[in-house]
Amino acid sequence: MNYDYDVIIVGSGVAGAICAWKLSILGHHRILILEAGDNGIGEGQRLEFHHAMDRQGNRTDMFAPYLELDSRTMVPSPEKASRALDAQKLEEKYFDYTTGPGGSTDSFRAGYTRLVGGSTWAWRGNCPRFLPTDFTLHSTYGVGRDWPISYDDLEKYYCEAEQEMGVSGNHEELDGLFGAYRSEPFPMPGIPLTYSDQQIKQRIHGKVINGTLVRVVTTPQARNSQPYDGRPACEGHSNCIPLCPVHAKYDATTHLRRVLKNPRVRLKSAAVVTKVSADRQGHITRVHYKDWRSDDKNKERLVTAPVIVLAAHAIETPKILLMSNVANSSDQVGRNLMDHIQWEIAAEFPDPIYPFRGPQSVTGIEAFREGAFRSTRSAFRMTIGNDGWGRAGSPAKIIDEELSKNKAYGPHLISKVAERVIRMIRLSFSTEMLPSPGNRVDLSPNVDPALGIPRPRFTFAPDEYCIGGLKAGVETAKALFEIMNAKIEQKELIENGKLNWNTAAHIMGTCIMGSDPKESVVDSWGRTHDHQNLYIVGSSVFATAATANPTLTLAALTLRTARAIHRQLQGRG
Amino acid sequence: MRDDQEALIENTRDFQMDMRRETSTRRDLPVAVAAHVMRVKGVTMDEFKTFMALSQALTGITTLATIEPKSLTETIAKDYLHRLKEQFGSDFMALLTLYDARSGTPDPLAALLSDPSFKDVESMAKQIVNVWLLSQYRVETPTQKGDAAPAVDAGYFEKGYIWPAIKAHPIGFSHSGHGYWTRKP
């Protein structure tokens, strides 16, 4: 049979880009990458994004640099439309929610971008690994699920992913962390600690909280601590989210730029996949898409390949499967939706520590990611902020307060504001939800008018497991601030019966990995149980959320899946 | 011809034109003269001076009231005034007028803050602070009011006064090298 390509990859974010690149290295495969968004991947585009961000009133919002793209109206993404980010505010939000009994009791609010290069344009860049027990949560603690692979299976791919993305870190700080051994060093030493980190570390490193030894550790991060891969070392613009001005922070354009030099690889942007379908042999080899830059944006176009890879992140990927009505004999597609439910405590340090200098976060505390308590409540990973009060506040908020509460207009205004801002610190903690079929994304009856494609609809609530973790995080943060003699700016975790929480925008679980086809969507290689030539890469395959940012783990899984795809293509001759 | 002679001729022509215009509508010569003087001096000029004096009073930035002509700060200041007038119109002018009326007093800021009508114009005072410190101002929407209103960029983010005050750089614009953040500023 004559196919248009050997592999079609849907999505050009970090999973799709790494998958394409690895396949292009392993063999002479003809690869088409389809991407719903439409933007450049060169440094000129980066500059344009920077300028667009400069024009926004809320520059630190993850969408701020990307608001002037045409793709914004053609392929909407879940901007926080409750804030008028600019004059072209979209009236309708993209996410819908179920209502009524059994309906959504909280708003799933994780954002993602639909760009060439995906959400890594805007991510923070943190790259901790999963722990060994994160893969065996059920057999170890009796909750959640087990992955069909172990930390041992993935370890060498973790090393490769760290090389590929350029992860900086200190080997001796992390080797053997709760059993997570490292067989290779980091490609770069860890990012130097900020002055603020040093002051905090001085006060809390080596202290014991509830029997746990606290160590302040440099977060492994895809941020250059020296020139690497043709990209400069971090210059400390403190702009990580939403855009690194100099590409010291890894984003998927790194792999796209590499792979697109290969004449066998093509990227078609402005291409929104509406469904995948079976050929006459019953194999899923047909990808249907709409090209919104063409003269007929609603015409369905077809392209074929013997292997299809979905890499459209954890909302759009299950949405495509649901629209196609494939790969779902388990009825798990779109289910087991998870996010890292986070909260943060802000405080005033007793002495000036000068935030907003250097990366937004350099250090963290790993010590609370593991323990017997995981049988009853979530673990959490802590990060130490270098961005003042993070989402809890900002210099603008301090100015508002001084004016509204204290009418501090006059010759001492700036020094009063500055005195407070230079002491702002925050401790954030990120908890783990359990995979639950009731938390899900499915197809909304509401169709987006631009291209006539159903919007996603959510049924979601943070579970008691992660709420337990949040409560423990609050207590731990308070205890640490007490040791530092810092004055806490308290905002209650639960106000009027309602849980306060922030999203980490780590979307996971919606095409869950497992060995049992009745309970999972993909096998240990990322291949859908139902269709031997349909693969999924990205955080949608995660069987547990754990307490690590998902990108490094999904990159490692993608490298492993690419090998499986290559073997399969070779087998075809 | 020397500049001052040209200016004198220009001014005389203006004066004549104004006199013709004003006296054709009003029979009152002193009013006409006063209107001419206002126009030549420029109501804009008064506005700018008042805006700068008010800006200095509210923010405590001591270099605003006596600004260097043709400096970058003057350009930025005029742009800020223009934007705030465009956005807020008469609400903004009400604050300027209120302050101007007190500029003769020994402590104009205190007089402004204690005035019973200050609360009507206080949100404008906040926006003046916001433009100088952060180069942004807040514009209310039907659902977002006061301090919760979304911020709008005022065009000169790198020139915000907050950044040097906290010994940092405007977010996204670091001119220091790798590792500068390890040292106390």
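The numbers here are math on the coordinates, done by the rules we state, and not lab data. Keep in mind the model is a prediction, meaning the values are calculated, not measured. FYI the Cβ positions are ideal-geometry reconstructions off the backbone, even for glycines, and counts take in every protein chain you see.
Compare the peptides A:9-22, B:148-161, A:465-478 by average per-residue count of other Cβ atoms within 10 angstrom and give them in order, highest first. Each step should come with its number before you reach the end.
Numbers: A:9-22: 29.5, B:148-161: 18.4, A:465-478: 21.1.
Most protected by this proxy first, the peptides run A:9-22, A:465-478, B:148-161.
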Once every DSSP H run of n ≥ 4 in the protein assembly as shown is given -39500 (n - 2.57) and the sum is divided by its residues, what mean residue ellipticity at 222 nm do you get, rounded to the nearest 500 deg cm²/dmol? -10500 deg cm²/dmol
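Count the DSSP beta bridges whose two residues both fall in chain A, then state the antiparallel fraction as a percent rounded to the nearest 5. Can you show the working numbers first?
Details: 56 of 75 bridges.
Of the beta bridges lying entirely in chain A, close to 75 percent run antiparallel.
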Of the residues A:H566, B:Q144, A:Y195, the Cα lying farthest along the dipole of the protein assembly as shown towards its positive end, which is defined by charges on the beta carbon of Lys, Arg, Asp and Glu, belongs to A:H566
Scoring only Lys, Arg, Asp and Glu (+1, +1, -1, -1) among other residues with Cβ under 11 Å from the Cβ of A:H50 yields 0
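Could you tell me the calculated FRET efficiency between A:E475 and A:N496, based on Cβ-Cβ distance and R0 = 30 angstrom, to the nearest 0.05?
Values: r = 21 Å, r/R0 = 0.70.
With a Förster radius of 30 Å, E is 0.90.
Find the relative contact order for region A:326-389 and round it to a whole percent, using C-alpha pairs within less than 8 Å whose residues are 6+ positions apart. Don't skip to the end; give the middle numbers.
On the way: 47 pairs, mean separation 21.0, N = 64.
Value for region A:326-389: 33 percent.
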Size of the dipole of region B:132-185 about the Cα centre, Lys and Arg at +1 and Asp and Glu at -1 on the beta carbon, nothing else charged, in debye to 20? 300 debye
Given contacts defined as C-alpha pairs under 8 Å and at least six residues apart, what's the relative contact order of region B:43-156, whole-number percent? 21 percent
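Sort chain A into rounded, prolate or oblate with this rule: let a ≥ b ≥ c be the square roots of the eigenvalues of the Cα gyration tensor; rounded if a/c is under 1.5, and if a/c is not under 1.5, prolate when a/b is larger than b/c, oblate otherwise.
On the way: a/c = 1.57, a/b = 1.42, b/c = 1.11.
Because a/c hits 1.5 or more and a/b exceeds b/c, chain A counts as prolate.
To the nearest 20 debye, what charge dipole does region B:43-156 have about its Cα centre, counting +1 at the Cβ of each Lys and Arg and -1 at the Cβ of each Asp and Glu?
Details: 10 positive and 15 negative charges, 21 e Å.
Here the size comes out at about 100 debye.
Classify region A:1-151 from the C-alpha gyration tensor, please: rounded if a/c falls under 1.5, else prolate or oblate depending on whether a/b exceeds b/c. Intermediate values should be presented prior to the final figure.
Details: a/c = 1.74, a/b = 1.12, b/c = 1.55.
Cα axes put region A:1-151 in the oblate bin.
Report relative contact order for chain A in percent, whole number only (criteria: Cα-Cα under 8 Å, sequence separation at least 6). Working shown, then result.
Details: 1349 pairs, mean separation 123.5, N = 573.
The value is 22 percent.
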What number comes out for the charge environment of A:A278, summing +1 per Lys or Arg and -1 per Asp or Glu over other residues with Cβ under 11 Å away? +1
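Calculate, in nm to one decimal, what A:E68 and A:S277 gain on full extension: separation in residues at 0.36 nm each, minus their alpha carbon distance. Each step should come with its number before you reach the end.
Numbers: separation 209, 0.36 × 209 = 75.24 nm, distance 3.38 nm.
Taking 0.36 nm per residue and subtracting the Cα distance, the gain is 71.9 nm.
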